[in-house]
Structure formats: C-alpha cells, structure tokens
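**Student:** Take this structure, written in structure tokens, and hold onto it; I'll ask about it next.
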Amino acid sequence: MIELSRVSKIFNSGKPSQYAAVSDVSLTIEQGCITVLKGPSGSGKTTLLSLIGCMSRPSSGRITLRRMEPDVPAGQLVDLEVTSLPERFLTNIRRSTFGFIFQQFNLIKGISTLENIMLPAYPTGQNLAPVKQRAVELLELLSIGRHANAPVEWLSGGELQRVAIARALINDPAAIIADEPTAHLDSRLSVEFMEILGTLKGAGKTVLIASHDPVVFESLLADRVVEMRDGQITGASAR
Amino acid sequence: MIQHPAILALLTSSFIISGMLISASWFGKQILSSWDLSSGSELQLALERRTYLISTLISYALFFQIFSLFLFIHTAEDLHTSFTGAMCAAGTLAVNSSGYPTLILKMLNCTLAGVWLIINHADIRGYDYPLIKPKYLLLNLLALLILIETVLQFSFFLRLKGDVITSCCGSLFSSDTAGFSGNIASLPHTVMQPLFFAAMAATIGCAVLFMRKRKGAYLFSITSTVTFFIAAASLLSFICLYYYELPSHHCPFCILQQEYGFTGYLLYATLLGGAVTGIGVGVLHPFTACASLKLVIPALQRKLIVATMVLYLLFFLLTADRMIFSNLRLVY
C-alpha cells in the first residue's frame, strides 16, 4: 500500500513563476490493485507519479510505502516513509520497488530487445545467467520471445510497449508505474495493454497509471479511478 | 612574517572553515529547534534536503581542519630559524603567549573533527537521520572552538616578531623545568616504559574482546584514549631519548626535523588517528539500538577498531625500532 499524506509539489517556490503542480494531495493506493489517475494535461498526474516513484521529492507532505518491503541497507523493512530519504536510499528503492513504463517507452536503440530488458538489473549486481533467464521468461510471457535478439527499432508500437513492460518487471518490483502508457497505441493495443496489466494485478502487483485515455480509465480492470485537476484530487470512484 | 605562504594558507583556510562552520551551526540551530521527522511540513523537508549538502561540505572542511594541524606544526618548525634561541617548533611556539594555546586547541579540534566525521559517516548511512541532533550539537561546539582557534592563530601569527629572543626546546622540555612539560619529561622511564607496553597490550586485549564477543566497546574506547595519553607522555619521557640518543633531550618537536627523517609527523599522525578512531567506537555505541543503524554501527565499529590497532601498531613498531636499534641504552 502506498499512502500519501498532504503531498504538495511547488516549482520555483517564492519566485514570480511559482507553480503548484500538486496541492495537498492525500491518497491511499491499495496493494494488488490497478489505480488510474485521470485528468487533463497539466492536472499534476505525471508530477504525482514521479513523487510516488521517488523520482522527485515533494515540497511538503509524506509518502509511506506500507508492507512493500523496500530494499534499504538496514534490512528489509515492512513500512518506510520515503520522502525523507537521502538520494543514496532512493536509488535502491527506485530499482527494487518500482517498475516504470514511460509514455515514449525510452528503450535504447542499437541494442537488442533482451539487452534492453536486462538493463535495470545490471546495477543490482545479480549474476547475469538468472537475469537473462528471467528476461527470456518475461519475453515469453508477453508473447514477444521471437524478438529477443532483434534490435528494438525493428519492433512495432505494440511490441515496444511489451518490451517496456518486460523491462519494468525485470527486478520483480512490488509496484508498476505507467505514465500515459497508451498514448502511442491504437484502441486494440490499448485493450491488450490493459489485459497485460490485469495479469500483473492477478500476480499481486500494485499498478498505478496516469492516463486520460478512456480505454484505460473506463476499463473494468481498473479498481479505482482518481480524478485530478489543477494539482488537486477532485473525485475518486472505486469499481 | 605574516606574508609567509604557509601562514597565509593557514589563515585563509581557518577563516574559510570558521565561516563555513558558523553558517552550518546557524543551520544546526534550526535543526535542533525545528527538526521533526514525523512532520511533512515544507520547513522539515527543506531541512532534510539541506542537511545532506551541508554535511558533505562540512566533511571536506573538517578534513582540511585535521590536515591544518600538521601544516601548523610544519610552519612553526619552518619558521624557527627566524627567532634567536629557537632550535625547533618549540621555540617558535614560545615566541608569544598564543602559540601553545593554538597548538593545544588545534589538537582538540582535530580530535573532535575526527569524531564528527565518524558520527556523520554513520548518520548518513541511516535512512532516518538517526544521529542528526548529536551531530549538530557537536558541530555547534566545534564551530565555537574553531572560531576561538582562528582568533588565537591569527593573534599568534600577527605577533610573530623576528627580533624576539625565545626559549629553546632544551630548556622548555627539560626534566629540571618547572611546569607541565617539565613534569611530563621528568617521568621516570622505569615506570613509563612498562606502562607504555601495558597500555598497548590492554588496547589489543580490548580489541580482541570486542571482535570475538561483540562487547566492551566503551572499555576499548576508554583504553585506547588512556593509551593515547600514556603514549604521548612516553614520547616525552623516554621515546624521544632513543631518537636523539641523548639522555636529557625530551623535545617532542625536534623529531619533526629532516635530521630524524620527519618521523615525528608519522608518530603524531598514527597516535592521534588511533585515538580518534578509538574514541569513535565508544561514541557510536549508544546508537547501536537505532533500528536504522543496527547493521551499520557494528560493522563500522569493527572497522574503527581495526584502524585503531593498525595505527597504534605502526606507532609501536616505529618506537620499538628505535628502542632496539638506537645507540642509547636506558638502564633500570
């Protein structure tokens, strides 16, 4: 479970260009569920995702990971408040607790699909053989095993999306964070993407998606839709 | 004389370090009064972000503070030719009333800076800033002491006059001289020599006890500190004699000279370094119970004990070498 308590993110604080991207957001994201952040561009969805995923720090408020056993050097902890953590701890948490799927996929051209998937596992220091084995299994699970050795630039949009999902899963994270994941997919591929996320939810993963695509927020697989506007939560509905 | 490059370097660095520490202690005052990890306020989050940066900057400043002790001694040694009567740094430091107080304060600050660096090293490895308040309390004390040191050092260098006739080390550190240095120099080697070996053995014993049974951290810390004082007194009482091969020359500064291969620097660095790491073991011990440090502190204590033993052993080997191969023989 991810718990947000009065989280705000203000850019250029104290300057004439001050801008509150997220204002006083309190939210609980349940474990093993798909939560969708819905809202127009500029509503603060991506900023909120980056705060939850420990990629940026809030200006005020706290975010606590409960029962997610984040990897910190003091041993496995059940609960951990992440906003106060120094950068050295956040790196590990980003690596082990969260898997990220970006709007532009952010795959690296010139290297193979398999290598792209294995990349986030390299800094963890795991042996190469089990990492490769896991990457191959993920490719098979997502039905793109035949592209393992193909450079990513040869793949179609839907296939790229699957590679991005496999890469997000390589370190077996407790949560998947996806920012506008269907922005470059047609309706059929978007439905397929949601089905894959449904499978991950079934496997106990917590999924958090920011999207203004009706295929995503109207999907029956989404357990909760949180509406945002102007950096604030304006409504939430559970399925 | 104030235009001497080393003096300019020392004064400039002292002003910079003092400035950095005063500004850090102002931040420390905010930490001590407003720190509340359970709060998610804008102030608390700003303090969390800034403390990491400030700790890093202060760490570099304190590393130089430690180095400056040796630069200060070297400068005093280098300047002794400018004063009538001075044979080594002892004479330079006696030129005016600020010399020895500056040296003593520099040694104290060097020790406290080392302890602060150890506390900071442990603190930044805990995910919840477990030592933040003790760290800034010590930093505030250190800022005050370093500020006093800067003033004293400035006064010392400013009042260095080439026409002053100063005392030579032979009279300052003679067993016939009244006062603290004379009293230490006159300690009988028949007592100090066995005491020195016993102190070294006791420190090794405490280290073995901690490594094997994971207990006795305070005992090790106290023993290593006592060993530091005994070793320093031994240096004046009898170790120096083996270096100079003169039964009446107890100066602790002449061994810094080229004639003795600059061995003094190594002796003082190992002794002071061993004391700092030894004290660090005890200082960290109360925080072993912190959840975020339960794996960090025992590992760090083991490293500190190994460092203490290596440094003290090096000191012991250097002095034992002279005791065995010196032409001087002290009789019991």
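**Student:** Within the stretch B:280-289, restricting attention to residues that are hydrophobic (A, V, I, L, M, F, W, C) and open to solvent by 40 Å² or more (accessible area, probe 1.4 Å), which residue is nearest to B:Phe220 (Cα to Cα)?
**Tutor:** B:Val283
**Student:** Give the stretch A:193-218 a look and list any residue that's more than 26 Å from A:Arg67 (Cβ to Cβ), without any contact (Cβ under 8 Å) to a residue 40 or more places away in the chain and open to solvent by 20 Å² or more (accessible area, probe 1.4 Å), or say none.
**Tutor:** Correct list: A:Glu195, A:Asp213, A:Pro214, A:Val215, A:Glu218.
**Student:** Still on this structure, I have one more. Considering the stretch B:56-96 alone, what residues qualify as being under 21 Å from B:Ile124 (Cβ atoms) and surrounded by 22 or more Cβ atoms within 10 Å (Cβ to Cβ)?
**Tutor:** Answer for the stretch B:56-96, where residues must be under 21 Å from B:Ile124 (Cβ atoms) and surrounded by 22 or more Cβ atoms within 10 Å (Cβ to Cβ): B:Ile58, B:Leu62, B:Gln65.
**Student:** Name every residue in the stretch B:97-126 that is part of a loop (DSSP other than H, G, I, E, B) and open to solvent by 30 Å² or more (accessible area, probe 1.4 Å), in order of residue number.
**Tutor:** Selection gives B:Ser97, B:Ile124, B:Arg125.
**Student:** When the residues of the stretch A:171-192 are narrowed to those that are among the acidic types (Asp, Glu) and over 12 Å from the mean Cα position of the chain (by Cα), which ends up least open to solvent (accessible area, probe 1.4 Å)?
**Tutor:** Result: A:Glu192.
**Student:** Here's a follow-up. Name the single residue that is nearest to B:Leu236 (Cα to Cα) among those in the stretch B:170-202 being of a type in the set (Val, Ile, Thr) and surrounded by 17 or more Cβ atoms within 10 Å (Cβ to Cβ).
**Tutor:** B:Ile184
**Student:** Sticking with this one: So in the stretch A:14-33, with the set limited to residues that are exposed (fewer than 13 other Cβ atoms within 10 Å of the Cβ) and within 14 Å of another protein chain (Cβ to nearest Cβ), which one is nearest to A:Val226 (Cα to Cα)?
**Tutor:** A:Ser26
**Student:** Criterion first (away from chain A (no Cβ under 14 Å), out of contact with any strand residue (DSSP E or B) (no Cβ under 6 Å at 6 or more places or on another chain) and not in a helix (DSSP H, G or I)) does B:Pro286 satisfy it?
**Tutor:** Working: away from chain A (no Cβ under 14 Å): yes; out of contact with any strand residue (DSSP E or B) (no Cβ under 6 Å at 6 or more places or on another chain): yes; not in a helix (DSSP H, G or I): no.
No.
**Student:** Have a look at A:Leu155, A:Leu139, A:Leu119 and point out the one that is more than 16 Å from the chain's Cα centre (by Cα), among the aliphatic types (A, V, I, L, M) and under 22 Å from A:Ser187 (Cα atoms).
**Tutor:** So the residue among A:Leu155, A:Leu139, A:Leu119 that is more than 16 Å from the chain's Cα centre (by Cα), among the aliphatic types (A, V, I, L, M) and under 22 Å from A:Ser187 (Cα atoms) is A:Leu155.
**Student:** Quick one: count up the residues across the stretch A:146-170 that are open to solvent by 20 Å² or more (accessible area, probe 1.4 Å) and closer than 15 Å to A:Ile196 by Cβ.
**Tutor:** 5
**Student:** Scan (1) surrounded by 14 or more Cβ atoms within 10 Å (Cβ to Cβ); (2) closer than 18 Å to B:Thr150 by Cβ for the single condition B:Leu37 breaks and write down its number.
**Tutor:** Among (1) surrounded by 14 or more Cβ atoms within 10 Å (Cβ to Cβ); (2) closer than 18 Å to B:Thr150 by Cβ, B:Leu37 violates only (2).
**Student:** Also, quick follow-up: Which of the residues spanning the stretch A:107-127 are among the hydroxyl-bearing types (Ser, Thr, Tyr) and open to solvent by 80 Å² or more (accessible area, probe 1.4 Å)?
**Tutor:** Scanning the stretch A:107-127 gives a single hit, A:Tyr122.
**Student:** Based on this model, can you work out whether B:Glu245 counts as farther than 30 Å from A:Leu80 by Cβ, in contact (Cβ under 8 Å) with a residue 24 or more places away in the chain, surrounded by fewer than 24 Cβ atoms within 10 Å (Cβ to Cβ) and of a type in the set (D, E, K, R)?
**Tutor:** So B:Glu245 fits the description; yes.
**Student:** Hey, another quick one. Evaluate the following for B:Thr150: is it modelled with pLDDT of 90 or more, closer than 23 Å to B:Leu266 by Cα and crowded, with 20+ Cβ neighbours inside 10 Å?
**Tutor:** No.
**Student:** Taking only pairs six or more apart or across chains, which ones have beta-carbon atoms under 6 Å, a first residue in the stretch A:81-110 that is acidic (Asp, Glu), and a second residue that is surrounded by fewer than 21 Cβ atoms within 10 Å (Cβ to Cβ)?
**Tutor:** Final answer for the pair search is A:Glu81/A:Thr64.
**Student:** Taking the condition of being among the β-branched types (Val, Ile, Thr), in contact (Cβ under 8 Å) with a residue 60 or more places away in the chain and over 20 Å from B:Gly170 (Cα atoms), how many residues in the stretch B:76-118 meet it?
**Tutor:** Of all residues in the stretch B:76-118, those among the β-branched types (Val, Ile, Thr) come to B:81, B:84, B:92, B:95, B:102, B:104, B:111, B:115, B:118.
This time we only want the ones that are in contact (Cβ under 8 Å) with a residue 60 or more places away in the chain, so: B:84, B:92, B:95, B:111, B:115, B:118.
Of the ones still in play, those that are also over 20 Å from B:Gly170 (Cα atoms) are B:111, B:115, B:118.
The qualifying residues number 3.
**Student:** Does B:Ala275 satisfy the condition of being over 19 Å from B:Ala89 (Cβ atoms), in contact (Cβ under 8 Å) with a residue 60 or more places away in the chain and either among the aromatic types (Phe, Trp, Tyr) or open to solvent by less than 60 Å² (accessible area, probe 1.4 Å) (or both)? Talk me through it step by step, then tell me what you get.
**Tutor:** Details: over 19 Å from B:Ala89 (Cβ atoms): yes; in contact (Cβ under 8 Å) with a residue 60 or more places away in the chain: yes; either among the aromatic types (Phe, Trp, Tyr) or open to solvent by less than 60 Å² (accessible area, probe 1.4 Å) (or both): yes.
Criteria met by B:Ala275.
**Student:** Any residue in the stretch B:206-220 that is at positive phi sitting within a Cβ distance under 6 Å of a residue that is not aliphatic (A, V, I, L, M)? List the pairs, counting only those 6 or more apart or interchain.
**Tutor:** B:Gly216/B:Cys206; B:Gly216/B:Phe210
**Student:** Tell me the strands (runs of 3 or more DSSP E) entirely within the stretch A:116-231 that contain at least 2 residues that are of a type in the set (Gly, Ala, Ser).
**Tutor:** On the way: elements: A:175-179, A:206-211, A:224-229.
Counting at least 2 such residues, we get A:175-179, A:206-211.
**Student:** I would also like to ask the following. Could you grab me the full set of residues in the stretch B:290-316 that are farther than 18 Å from B:Leu117 by Cβ, surrounded by fewer than 19 Cβ atoms within 10 Å (Cβ to Cβ) and within 13 Å of chain A (Cβ to nearest Cβ)?
**Tutor:** If the condition is that a residue be farther than 18 Å from B:Leu117 by Cβ, surrounded by fewer than 19 Cβ atoms within 10 Å (Cβ to Cβ) and within 13 Å of chain A (Cβ to nearest Cβ), then B:Cys290, B:Ala291, B:Lys294, B:Leu295, B:Pro298 are the ones that fit.
**Student:** Continuing with this model, one more query. Tell me yes or no: at least one residue of the stretch B:286-297 is out of contact with any Cys (no Cβ under 9 Å at 6 or more places or on another chain) and on the phi > 0 side of the Ramachandran plot.
**Tutor:** No, every residue in the stretch B:286-297 fails to be out of contact with any Cys (no Cβ under 9 Å at 6 or more places or on another chain) and on the phi > 0 side of the Ramachandran plot.
The values are calculated or read from the model by the stated rules, or taken from the named source; none is laboratory data. Predicted model, so just to flag it, every value in this text is computed and none were measured. Don't worry about glycine lacking a Cβ; one is built from the backbone with ideal geometry, like all the others, and counts go over all protein chains shown. Calculation scope for accessible area: heavy atoms of the full protein, side chains included, ligands and nucleic acids excluded. Shrake-Rupley method; radii C 1.70, N 1.55, O 1.52, S 1.80 Å.
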